[in-house]
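Have a look at the structure below, then the notes.
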Amino acid sequence: MPESRVIDATLGNGQDSLKIAQRLGAKGHLYSFDIQAEAIERSRELLKEAKIDPSQVSLIHDSHIYFKNYLAPEEKIDFIIYNLGYLPRGDKSITTVAKSTLKSVEIGLSLLKPYGMMVIAVYHGHETGKEERDQLAQYLSTLDQQHYHVFRQQFINQKNHPPFLYLIERAYNPAAPIE
Ligand SMILES: C[S@@+](CC[C@H](N)C(=O)[O-])C[C@H]1O[C@@H](n2cnc3c(N)ncnc32)[C@H](O)[C@@H]1O
């Protein structure tokens, strides 16, 4: 869509943001968040090398619990992606954690347009990953199906702790509006 509004909630090395930025329409905008300056700088380089228009991507050095501080009032979002865990080639002790991930997902869901989508890639093999995985499952499984369709996709033939995906669609339900 030419005017898509997209959030990458966990920028990391910028691979997801790059793919999204390459597909943005002329008037689209991507907001990418990370708490590590290293992630912001690596991603800035990656996007520059790929000749992405910097005016279409906001690289935001802040936590994903603060989405709203960077959006226009009433701005709604088409697509939000999370890639949980630690920064590849970075400090493995700095990871996404249950409390802020849940808060951010809750805010993110409220920002989605009708038919907007959220994708969450859950990497749960690391120390704090299990608590985050379990709390997220608990929260997402209680979302009202009239408003959100929550789908889980996983490998069934991989050893150890294979990552899995949640795909969440915000339903359009004029008979039961959320706000
Ligand atoms: C698995 S990496 C993301 C990989 C990335 N999507 C890519 O394509 O390279 C997870 C990232 O989440 C970041 N992170 C952790 N807590 C965060 C928070 N509260 N807000 C925003 N980013 C956070 C980490 O610093 C790390 O860079």
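Quick grid of which residues meet (1) in contact (Cβ under 8 Å) with a residue 40 or more places away in the chain; (2) of a type in the set (A, V, I, L, M, F, W, C); (3) more than 10 Å from the ligand (Cβ to nearest atom):
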site: Gly12; (1), (2), (3): yes, no, no
site: His29; (1), (2), (3): no, no, yes
site: Gln36; (1), (2), (3): yes, no, no
site: Glu49; (1), (2), (3): no, no, yes
site: Ile52; (1), (2), (3): no, yes, yes
site: His64; (1), (2), (3): yes, no, no
site: Leu71; (1), (2), (3): yes, yes, yes
Where a residue in region 74-93 is part of a strand (DSSP E or B) and its partner, wherever it lies, is within 12 Å of the ligand (Cβ to nearest atom) and open to solvent by 30 Å² or more (accessible area, probe 1.4 Å), with Cβ under 8 Å and at least six apart: Ile81/Asp16; Asn83/Asp16; Asn83/Tyr123; Tyr86/Lys92; Tyr86/Ser93; Tyr86/Ile94
I'd like the residue in region 114-132 that is in a helix (DSSP H, G or I) and open to solvent by 50 Å² or more (accessible area, probe 1.4 Å) and, out of all such residues, is farthest from Asn160 (Cα to Cα). Glu131
Among the candidates Pro163, Pro174, which residue alone is surrounded by 14 or more Cβ atoms within 10 Å (Cβ to Cβ) and of a type outside the set (S, T, N, Q)? Pro163
Quick check: is even one residue across region 115-129 at pLDDT 95 or above, under 19 Å from Pro174 (Cβ atoms) and small (Gly, Ala, Ser)? yes
Between Gln158, Gln135, which is surrounded by fewer than 17 Cβ atoms within 10 Å (Cβ to Cβ) and part of a loop (DSSP other than H, G, I, E, B)? Gln158
Quick check: is even one residue across region 19-30 of a type in the set (A, V, I, L, M), open to solvent by 20 Å² or more (accessible area, probe 1.4 Å) and in a loop (DSSP other than H, G, I, E, B)? yes
Inside region 2-35, can you point out the residues that are modelled with pLDDT of 95 or more, hydrophobic (A, V, I, L, M, F, W, C) and farther than 14 Å from Val119 by Cα? Leu18, Ala21, Leu24, Leu30, Phe33, Ile35
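The values are calculated or read from the model by the stated rules, or taken from the named source; none is laboratory data. Everything numeric in this text was worked out from a predicted model, so none of it was measured. Cβ: placed from backbone, ideal geometry, glycine included. Neighbour counts: every protein chain shown. All accessible areas refer to the heavy atoms of the entire protein, side chains included, with ligands and DNA or RNA removed. Shrake-Rupley method; radii C 1.70, N 1.55, O 1.52, S 1.80 Å.
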